[in-house]
Amino acid sequence: MNRKETVNELQLLVYELDVESAMTKEVVTVSPDLAMDKLPKILKSNRITGVPVTEDGRLVGIISLEDYVRWAADDGKPSCVGDVMTRKVHTIYSDEPLVSAVSRLERFACGRLPVLDRTTDTLAGIVTKGDVIESMLGNLEIDYREEGLRTYRTSRFFEDIVSDSTELSFAYEIRGESISEGGEVASSLKKTLRRLGMHPDVVRRAAITVYEAEMNVIIYAKAGRVRVSIDQHHISMVVEDEGPGIPDLEQAMAPGFSTAPESVRELGFGAGMGLPNIKQCAESFEIESVVGEGTTLRVSFHMEEACA
Amino acid sequence: MEVATGPMTLRRIQEMLGASCITADPPLDLEALVGCASDLMSNVLAFGRPHAILLTGLTSPQTVRTAEVADCVAVCFAYGRQPPAETIELAEGSGIPLFVTPLTLYAASGRLYELGLPGCPEIE
Amino acid sequence: MCLSDIARELDLTVIYDGGDIDREITGGYATDLMSDAIAHAKAGDLWVTLQVHVNVVAVASMKDLGAVVLTQDRQPLPETLQKARDEGIPLLGSNLRAFDLIGRLYQLGIRGT
């Protein structure tokens, strides 16, 4: 992952993750009736520098080591937490995005934010800068392995756009005879479709199709391109090349028939399986070819009936 | 002799094939669900099942691309054949662990099958 | 083990018997790459492959292999079958995929090298 991608991903994560996923749920709390001289021991044994003060689960204030030091320096006459604590506490709701926690921690220059449950208004947890960092790093790790959170969920994406019809399209260029680059388009397309949150089965079939089509262009043609367009229900792909064309389409579709040279067979392709493979993967399949001009392949996939 | 068939961890596969892993930090606890022996990448693309271990003699970058596209869990090269640097680089980038076994493709497949790793379903 | 026994045990289709279906098979070999077969296959081996073109028979003949088994029900091209007849190379077929077929051959005791 390069630096730019990492930054983008972090930005995405702070919006996508909510406070609840990052906060510490097991929170140490104290009652406002607790005697001040008992406070250091609680802070020390829990290795914390501040603690929320609650009454029947409701947050009434927060008391920190700083408050304690100020109280002790101010002659330390017997008092309870309720008298010394800070009553005006900055809080955050558990369902808010992590980005809100980051900005509030920054704006109020505080080390921790008590987290409230929006429906019951009771204390649900506490979130610190450390929690935010840990959560994002943890999620980046998952992301890196599975690209899981990097999905925009296509359905949501399309719902967000107000129009009569919406189509997302993108294209890839293929250089002929660049055998060592074979599979690059398939790999890029697979990543892209995954990030768009598509069903793994559809992603797989689309990637296989484009891999075979890509190899055909590389083996036989000078150049070609893949155009992909996605609407709410379908992925359509057009693969065009400026190649020699196919004289006998029926023969080309027969499994095992191939005109590929031995050098290509030794690379694991050209065994006469390409077009039959594509036909098997795609839900619709059309091929047109003009000898001396080139070949155009049109395929499409349904997004919903992924496991059909 | 009947053996229990089922998924096999990469750790056990590596051990049973006397294979070395040539990519960094191999996730040895991952399980291969099925075995697939092929040098024809089109065939892997067409009939491979997700989470297969791909046994092959073909060490070109296309093998890694194929494993990636066909959702293979790992690739094991036969004949002690070390793949070119670009293949390894690609595998590191796409998170496909690569192994090298000194066995032939035949012996490696036979051994894993004997130990209970299932194959891909028969073609209809 | 003799070829006819193997064919019976594993339900292989005999596409062409090579003139002697009882010949002895001494080992197994699997590849879809001609260069690998040329380099590593041993005389008397049963060769498991998905390739159906004529070079398969040419290589099998050159290396004195025992027989060729085509996997996944693949049919030889007409020129491949013709070449097998010319060279006396048995051609068999299986509906299994290579991994499964190899596994079953291995269990019959047909080992690789």
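The values are calculated or read from the model by the stated rules, or taken from the named source; none is laboratory data. The model shown is predicted, which means the values in this text are computed figures rather than measured ones. Heads up, the Cβs are rebuilt from the backbone with ideal geometry, glycines too, and the neighbour counts pull from every protein chain shown. Protein only, heavy atoms only, side chains kept; ligands, DNA and RNA dropped before computing areas. Shrake-Rupley method; radii C 1.70, N 1.55, O 1.52, S 1.80 Å.
Things to note:
- Amide H to amide H, with H built 1.01 Å from N, A:Tyr93 comes under 5 Å of A:Leu116, counting only residues 5 or more places away or on other chains.
- Tilt relative to chain A, helix A:200-220 - C-alpha long axis, 0 to 90 degrees, to 10: 40
- Estimated Rh, segment A:3-142: Kirkwood, alpha-carbon pairs, angstrom: 16.0
- Normalised by the number of residues in chain A, the mean separation of alpha-carbon contacts (under 8 Å, six or more apart) gives a relative contact order of 14 percent.
- In plain terms, the C-alpha convex hull of chain A casts an average shadow of 22.4 nm² when viewed from every direction.
- For q = 0.23 Å⁻¹, Debye-computed log10 I/I(0) when each Cα of segment C:3-107 counts as one equal scatterer: -1.32
- For the chain pair A and B, buried accessible area totals roughly 1900 Å², probe 1.4 Å, rounded to the nearest 100.
- Coupling constants for segment B:38-55 follow from the phi torsions by the Karplus curve (6.51 cos²θ - 1.76 cosθ + 1.60, θ = phi - 60°), and in residue order they are 6, 10, 9, 5, 4, 5, 5, 4, 6, 10, x, 9, x, 6, 8, 8, 8, 9 Hz; glycine and proline get x.
- Relative contact order (percent, whole number), segment B:1-73, Cα cutoff 8 Å, 6+ residue spacing: 27
- Chain A: most fluctuating residue of A:Glu288, A:Glu250, A:Glu212 per GNM, C-alpha cutoff 10 Å: A:Glu250
- Relative contact order (%) - criterion: Cα under 8 Å, at least six apart; region: segment B:29-124: 30
- For segment A:154-302, the share of alpha carbon pairs falling in successive 10 Å distance bins from zero is 11, 42, 32, 11, 3, 0 percent.
- In this Cβ point-charge picture (+1 for Lys and Arg, -1 for Asp and Glu), chain A has a dipole of about 1280 debye about its Cα centre.
- Fraction of accessible area attributable to carbon and sulfur, the protein assembly as shown (%, probe 1.4 Å): 50
- Value at 222 nm in deg cm²/dmol, rounded to 500, when DSSP H runs of n ≥ 4 in chain A each add -39,500 (n - 2.57): -11500 deg cm²/dmol
- The charge dipole of segment B:8-114, taken about the Cα centre with unit charges on the Cβ atoms of Lys, Arg (+1) and Asp, Glu (-1), comes to about 280 debye, rounded to the nearest 20.
- R0 of 30 Å, Cβ-Cβ distance A:Thr86-A:Asn46: FRET efficiency to nearest 0.05: 0.95
- Taken about its Cα centre, segment A:3-142 carries a charge dipole of about 440 debye when Lys and Arg each add +1 at the Cβ and Asp and Glu each add -1 at the Cβ.
- Antiparallel content of DSSP bridges confined to chain C, in %, to 5: 25
- Reachable lysines from C:Lys63, criterion Cα separation under 27 angstrom, eight or more residues apart if same chain: C:Lys42, C:Lys83
- DSSP bridge pairs, chain B: antiparallel proportion in percent, nearest 5: 25
- Cα centroid of segment A:236-277 to Cα centroid of segment C:61-108, whole Å: 23
- Bridges between two residues of the protein assembly as shown, per DSSP, are antiparallel at a rate of about 70%.
- Largest mean-square fluctuation among A:Asn46, A:Asn216, A:Asn277, in a Gaussian network model of chain A whose springs join Cα atoms under 10 Å apart, belongs to A:Asn46.
- Built amide H within the under 5 Å cut-off of A:Cys80, gap 5+: A:Met36
- Under DSSP loop assignment and at most 16 Cβ neighbours within 10 Å, longest chymotrypsin sites (Phe, Trp or Tyr not before Pro)-free interval of chain A: A:153-308
- Label-point separation in nm, A:Val69 to C:Thr13, each point 7 Å along Cα→Cβ: 8.6
- On Cα atoms only, tilt of A:98-107 relative to the major axis of chain A in degrees: 40
- Scaling the Cα radius of gyration of the protein assembly as shown by the globular reference 2.2 N^0.38 Å produces a ratio of 1.30.
- Think of it as helices only: each DSSP H run of n ≥ 4 in chain C is worth -39500 (n - 2.57), and spread over all residues that comes to -10000 deg cm²/dmol at 222 nm.
- Other protein chain Cβ atoms within 10 Å, averaged over every residue that makes up A:268-278: 6
- Springs join every pair of Cα atoms under 10 Å in this Gaussian network model of chain A, and among A:Lys190, A:Lys41, A:Lys279 the largest mean-square fluctuation is at A:Lys41.
- Charge dipole of segment A:154-302 about the Cα centre (unit charges at C-beta), most positive-ward option of A:Leu189, A:Phe257, A:Ile179: A:Leu189
- In order along segment A:181-187, the phi-based Karplus estimate (6.51 cos²θ - 1.76 cosθ + 1.60, θ = phi - 60°) of 3J(HN,Hα) comes to 8, x, x, 5, 5, 4, 5 Hz; Gly and Pro are listed as x.
- For the protein assembly as shown: accessible area per residue (Å², 1.4 Å): 46
- Residues in segment B:80-96 carry Karplus couplings, in order, of x, 7, 7, x, x, 3, 5, 5, 5, 4, 4, 5, 4, x, 9, x, 9 Hz; the curve used is 6.51 cos²θ - 1.76 cosθ + 1.60 with θ = phi - 60°, and Gly or Pro positions show x.
- Computed [θ] at 222 nm, helices only, for chain B once each DSSP H run of length n ≥ 4 contributes -39500 (n - 2.57): -9500 deg cm²/dmol
- For chain B, the longest principal axis of the C-alpha atoms and the axis of helix B:105-114 are separated by about 40°.
- Proximity of backbone amide H atoms, modeled 1.01 Å from N, is registered between A:Ala221 and A:Glu177 at under 5 Å, excluding neighbours fewer than 5 places apart on the same chain.
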